[in-house]
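Chemist: Provided herewith is a single structure, encoded as structure tokens, for subsequent inquiry.
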Amino acid sequence: MFKVTFAFEDGSVVETYANAGDNLLEIAREANVAIDAPCSGNASCGKCRVQLKSGELNSKKTLHIEDEEYNSGWRLACVSTVCADVTVLVPDIASAYKSRMKVADLSSKEEIAIFEKAKRDIEFTGIVLNNSLDVVEVSMDPPSLDDTMPDNERLTRALRKFLNIKRVRIPYAVLKKLPDVLRDNNYQVKCILRTTPNDMFVYDIYGMEEHVKVCGLAVDIGTTTISAVIINMESGEILAKGSAGNGQIRYGADVINRIIEQQKPGGKKKLQDAVIKETINPMIREMCKSAGISKHQIYRMCVASNTTMNHLFAGINADPLRMEPYIPAFFKTNSLFASDVGIDINQDAHIIVAPNIGSYVGGDITAGTLVSMIWNRPEFSLFIDLGTNGELVFGNSDFMMSCACSAGPAFEGGDISCGMRATDGAIEACTIDKDTMEPTYRIVGAPGTKPIGLCGSGIIDVISELFITGIINPKGKFVREGRRVRHDQYGMGSYVLAFEEEAGSVKDVEITEVDIDNFIRAKGAIFSAIRTMLSSLDFDVSMIDDVYVAGGIGSGINMKNAVNIGMFPDIPLDKFHYIGNSSLTGAYLMLLSTKAEQKTYELASNMTYMELSTVPTYMDEFVGACFIPHTDTTLFPGVMEQMQQ
Amino acid sequence: MPFNQKPQKFNAKINTVTIGSGDKTVALGGNSTFPFYSFDAPTENTAKVGVEITDMGLEGVSEGIKAYYEGATTMADIAKKAAAMEGADFVALVLEGGDPNGENKSVDELIAIVKEVADAVDCPLVVEGCKNVEKDAELLPKVAEVLQGRNVLILAEKEENYKAIGAAAGLAYNQIVGAESAVDINLAKQLNVVTTQLGVNAQKIVMNIGSACAGYGYEYVVSTMDRIKGAALGQNDNMLQMPIITPVASETWGVKEASASEADMPEWGPQDERGIDMEIMTAAADLAAGSDAVILRHPQSVATISKMIKALA
């Protein structure tokens, strides 16, 4: 056995032991050391860099590490194996993805306003905001030697009489506490019920005097980030809000790598544990603490997520999703309960899953569509969810069409050498001076935070600015020279946003031609999907009345810059609206309102799914869009005008 | 009802690009109709045919070609015979020996050959690199430099090396820039855009949009050329109005139908005949799809294709 020490930039260390030949990335995963490995250890992404401080590692040289860097100890964890006692430095950028769990205090009015607006919008369409959870007060005659009915029948009979519903179900959890609660409260109790026209389910029973809160949990499971709210099921009030990185990230950044991982022996359990035990359950604990409730008071949960994520959440084999003919195990299901998957809330709580439309358009989109309200307006709206997969819905109250394109992880900072999620240290906005080529930027985090990388909205800004200032050409290649532009030994250009001494990490923060190329492909995928979908309907972009942009790219997204680089169509900027995490807001509405839940199922079944890979012109559109702003400049008159100035 | 011809008129035309100097020049492009649609509008310039020779001399060429060049011992002799070929409009010298994965001849060695050929003939010249992007980035600017004043077409810059080659040929030494892309209308246009942004005059660019031998995924070539001409004329897209030149010989003489010897494939018949057939079929299709010039190797192909062009003009 050898001792392996992971040292962090803040001085802390994690020590563990390993056998000769053990893989360093695997050791880190087991020791709970966060090292970002979007490619899941294939040596293809080059992000799991660590620096050898003492001892030795058996480590292959890869293209990702330059000679000079190799000599100063940089290694890729995924190709390194242990052969002696060793100490490695894990740079901040390698673990920056692991956003600390954050439970919002909800003091921010904007946070609440999004949910309030969604509630108002949905009520405006005539959908009532109530659900099948109720608190009823029941009084029973105490038993006597003449009235020897057992407790459960006594309760059943009282409830039947009260609500005129034949079938009453009392689960074990209630049965267990029933004798004490009845006797302690002199047979005057409150019951928490779910009632349907022919069925009644008793979730819980309390004394008449007890203050009872009926809570629900809405969760958006993103491939990268998970966010959740705990709400009061009666009023819709938000009691707590939290977010955390999806614990599955260490098994790969994209859904395909995770599907492959879950196919390995024990894989389904590993991935389910990563999302539920490691991520959602600790979030629930923190949020319950912050809201001052008990986890048993959460009687319903709603999950909105892409198809792969809801399969992995439920522990269901997701492999068929990636294999032709791409058939999921379910579009919608109502047979999921908290105890089935080990979610730490009331064990009998029902889990609602926002319905999927196909393998690559999932519940996050149907929930988002509900929120976007495009189904309730005669105007033509485009809803775009920017994630690892880009999903689009276009339509109005008469029809809706959806498609998905693979944008890759670039919007969330993946596939970008200094990319990171929008957490502390991420550059989220940037301008570049035309003459001096010096950057000015805004960084996520407390004032004084030093830059360590770029998040999605920052990358859009940087590329747009580099293009407008003529530092890069429309192909994303560097054409101007200066202090901040440099070329490596292979001639690949890069722009340095922060030199090592200005940066908050041990490396320069820079954007390379390869990064730009990756991002151009991501934005090209989005734009060509928009064009392809619209032209299949014989529409063009001028006919779009509104564009709703959702996703974790961040509220910092600069729509003008997104148009400049040709990601979004060149239409008036006031048509663009950023609607935040619409998947979570949708889950919230589905949780709160049974009618909204039904509406979402209806929307899902009414949406036409278009498979872009079967459209012959998509590839042409895509190549045309892989240029800044576009090969066909007539599509971007506003941008061209700006360039001329 | 009598037939009433409705000409398809375009308000756009393909650029006219002249190569060569002195009295010996050829003009490529200039038309405002689809290929050979002389019934729609008069043809400005007919398509042109070039004769391919390489710095490797007669190594590896078929018997029929060897026979034509019989007696030629130097590159100068070969070039003269090529220029004299029936139907030839220009000579295309391919510097394939420069390929680092092949002979890897030095730039100096190749430049000497370029000079020898250029001095031997006064017809318009096209000089092709070795296809290796790094080597071409070094070699072709030198070619452009030594041939100053000859107004030659330098084939070709690609996306990876357009800055070095485009700047040398198009800006520094005032030659014609060949822009090579890989059978995709958007990639062809993108290269033209970045080349003109470098400062190269759009009227001094000729495209090689990539080619294939007929039967080898050739449908893509036809579709791409067809759409480029459609966009250039129909949509007046000035970033696609450059004439197209297609090096046919290097594609067709590499496929097994043309390269297998008669000894190996007796049932296929004589090698020369097969090679000529492949070359003529491919060149005819390229011209019909939109090429303004083709580069061929066999004297019989050159004669046949130039006859075809005249007959259809």
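Chemist: So A:ASP545 ticks every box in (1) charged (D, E, K, R); (2) within 13 Å of chain B (Cβ to nearest Cβ); (3) within 30 Å of A:ILE384 (Cα to Cα); (4) surrounded by fewer than 20 Cβ atoms within 10 Å (Cβ to Cβ) but one. Which box is left unticked?
Modeler: The number of the failed condition is (2).
Chemist: If you don't mind, there's one more thing I want to ask. If you scan segment B:1-59, which residues turn out to be buried (at least 19 other Cβ atoms within 10 Å of the Cβ) and among the basic types (Lys, Arg)?
Modeler: Passing the criteria: only B:LYS48.
Chemist: Give segment A:208-248 a look and list any residue that's assigned to a helix (DSSP H, G or I) and surrounded by 24 or more Cβ atoms within 10 Å (Cβ to Cβ), or say none. If you could, list the steps in order and put the result at the bottom.
Modeler: Looking only at segment A:208-248, we keep the residues that are assigned to a helix (DSSP H, G or I), and these are A:247-248.
Listed by number, the list holds a single entry, A:GLN248.
Chemist: If I filter segment B:171-180 down to residues being of a type outside the set (Val, Ile, Thr) and touching a helix residue (DSSP H, G or I) at 6+ places or on another chain (Cβ under 6 Å), which single residue comes out as surrounded by the most Cβ atoms within 10 Å (Cβ to Cβ)?
Modeler: In the first step, residues of segment B:171-180 are kept if they are of a type outside the set (Val, Ile, Thr); the result is B:171-175, B:178-180.
Checking which are touching a helix residue (DSSP H, G or I) at 6+ places or on another chain (Cβ under 6 Å) leaves us with B:173, B:175, B:179.
Details: B:TYR173: 21, B:GLN175: 26, B:ALA179: 28.
Taking the candidates together, the pick is B:ALA179.
Chemist: Another question, then. Just a yes or no: is a residue in segment A:418-431 under 23 Å from the mean Cα position of the chain (by Cα) and on the phi > 0 side of the Ramachandran plot? Give the steps one after another, and end with the answer.
Modeler: From segment A:418-431, those under 23 Å from the mean Cα position of the chain (by Cα) are A:418-429; that's our starting set.
Applying the additional criterion that residues be on the phi > 0 side of the Ramachandran plot yields A:425.
Yes, there is a match, as at least one residue in segment A:418-431 is under 23 Å from the mean Cα position of the chain (by Cα) and on the phi > 0 side of the Ramachandran plot.
Chemist: Right, next: Which of the following residues is closer than 23 Å to B:SER301 by Cβ and either crowded, with 17+ Cβ neighbours inside 10 Å or touching a Gly at 6+ places or on another chain (Cβ under 8 Å) (or both): B:ALA67, B:ALA88?
Modeler: On the way: B:ALA67 fails: either crowded, with 17+ Cβ neighbours inside 10 Å or touching a Gly at 6+ places or on another chain (Cβ under 8 Å) (or both).
After applying the criteria, what remains is B:ALA88.
Chemist: Identify all residues within segment B:267-286 that are surrounded by 23 or more Cβ atoms within 10 Å (Cβ to Cβ) and closer than 14 Å to B:LYS256 by Cα; write none if there are none.
Modeler: B:GLY275, B:ILE276, B:MET278, B:GLU279
Chemist: Which condition does A:VAL103 not pass, out of (1) loosely packed, with under 15 Cβ neighbours inside 10 Å; (2) in a strand (DSSP E or B); (3) at pLDDT below 80, if it passes all the others?
Modeler: Evaluating A:VAL103 over (1) loosely packed, with under 15 Cβ neighbours inside 10 Å; (2) in a strand (DSSP E or B); (3) at pLDDT below 80 leaves (1) as the failure.
Chemist: Can you list the strands (runs of 3 or more DSSP E) lying wholly within segment A:336-410 that have 2 or more residues being in contact with a Phe, Trp or Tyr (Cβ under 7 Å, 6 or more places away or on another chain) and under 30 Å from A:PHE201 (Cβ atoms)? Step through it out loud before you land on a result.
Modeler: Working: elements: A:350-353, A:381-386, A:389-395, A:400-406.
The qualifying strands (runs of 3 or more DSSP E) are A:350-353.
Chemist: Please specify each residue of segment A:616-631 satisfying the condition of being within 12 Å of chain B (Cβ to nearest Cβ) and either exposed (fewer than 15 other Cβ atoms within 10 Å of the Cβ) or in contact with a helix residue (DSSP H, G or I) (Cβ under 6 Å, 6 or more places away or on another chain) (or both).
Modeler: Keep residues of segment A:616-631 that are within 12 Å of chain B (Cβ to nearest Cβ), which gives A:616-617, A:619-631.
Selection gives A:PRO616, A:THR617, A:GLU621, A:PHE622, A:VAL623, A:GLY624, A:ALA625, A:CYS626, A:PHE627, A:ILE628, A:PRO629, A:THR631.
Chemist: Among the candidates A:GLU481, A:GLU465, single out the residue that is within 14 Å of another protein chain (Cβ to nearest Cβ) and not hydroxyl-bearing (Ser, Thr, Tyr). Don't jump to the end; show me each part of the working.
Modeler: Working: A:GLU465 fails: within 14 Å of another protein chain (Cβ to nearest Cβ).
So the residue among A:GLU481, A:GLU465 that is within 14 Å of another protein chain (Cβ to nearest Cβ) and not hydroxyl-bearing (Ser, Thr, Tyr) is A:GLU481.
Chemist: Hey, any hits in segment B:149-168 for a residue that's buried (at least 20 other Cβ atoms within 10 Å of the Cβ) and free of Cβ contacts under 8 Å to residues at least 12 places away in the same chain?
Modeler: There is no residue in segment B:149-168 that is buried (at least 20 other Cβ atoms within 10 Å of the Cβ) and free of Cβ contacts under 8 Å to residues at least 12 places away in the same chain.
Residue-by-condition table, conditions (1) at pLDDT below 95; (2) touching a His at 6+ places or on another chain (Cβ under 8 Å); (3) part of a loop (DSSP other than H, G, I, E, B); (4) of a type in the set (Gly, Ala, Ser):
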| residue | (1), (2), (3), (4) |
| --- | --- |
| A:GLY448 | yes, no, yes, yes |
| A:SER457 | yes, no, no, yes |
| A:ILE463 | no, no, no, no |
| A:LEU466 | no, no, no, no |
| A:LYS475 | yes, no, yes, no |
| A:ARG480 | yes, no, yes, no |
| A:ARG486 | yes, no, no, no |
| A:GLN489 | yes, no, yes, no |
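Chemist: All but one of (1) assigned to a helix (DSSP H, G or I); (2) of a type in the set (A, V, I, L, M); (3) in contact with a Phe, Trp or Tyr (Cβ under 8 Å, 6 or more places away or on another chain) hold for A:ILE256; which doesn't?
Modeler: Of everything listed in (1) assigned to a helix (DSSP H, G or I); (2) of a type in the set (A, V, I, L, M); (3) in contact with a Phe, Trp or Tyr (Cβ under 8 Å, 6 or more places away or on another chain), A:ILE256 misses just condition (3).
Chemist: Moving to a separate point now. Go through (1) hydrophobic (A, V, I, L, M, F, W, C); (2) more than 30 Å from A:LEU466 (Cα to Cα); (3) in contact with a Phe, Trp or Tyr (Cβ under 9 Å, 6 or more places away or on another chain); (4) surrounded by 19 or more Cβ atoms within 10 Å (Cβ to Cβ) for A:MET590 and report which single condition fails.
Modeler: Only one criterion in (1) hydrophobic (A, V, I, L, M, F, W, C); (2) more than 30 Å from A:LEU466 (Cα to Cα); (3) in contact with a Phe, Trp or Tyr (Cβ under 9 Å, 6 or more places away or on another chain); (4) surrounded by 19 or more Cβ atoms within 10 Å (Cβ to Cβ) is unmet by A:MET590, namely (3).
Chemist: Does A:GLY580 meet the test of being more than 14 Å from chain B (Cβ to nearest Cβ) and either crowded, with 17+ Cβ neighbours inside 10 Å or within 21 Å of A:GLU110 (Cβ to Cβ) (or both)? Steps first, answer last, please.
Modeler: Numbers: more than 14 Å from chain B (Cβ to nearest Cβ): yes; either crowded, with 17+ Cβ neighbours inside 10 Å or within 21 Å of A:GLU110 (Cβ to Cβ) (or both): yes.
Against the criterion (more than 14 Å from chain B (Cβ to nearest Cβ) and either crowded, with 17+ Cβ neighbours inside 10 Å or within 21 Å of A:GLU110 (Cβ to Cβ) (or both)), A:GLY580 qualifies.
The values are calculated or read from the model by the stated rules, or taken from the named source; none is laboratory data. Quick caveat, the model's predicted, so the values are computed rather than measured. FYI the Cβ positions are ideal-geometry reconstructions off the backbone, even for glycines, and counts take in every protein chain you see.
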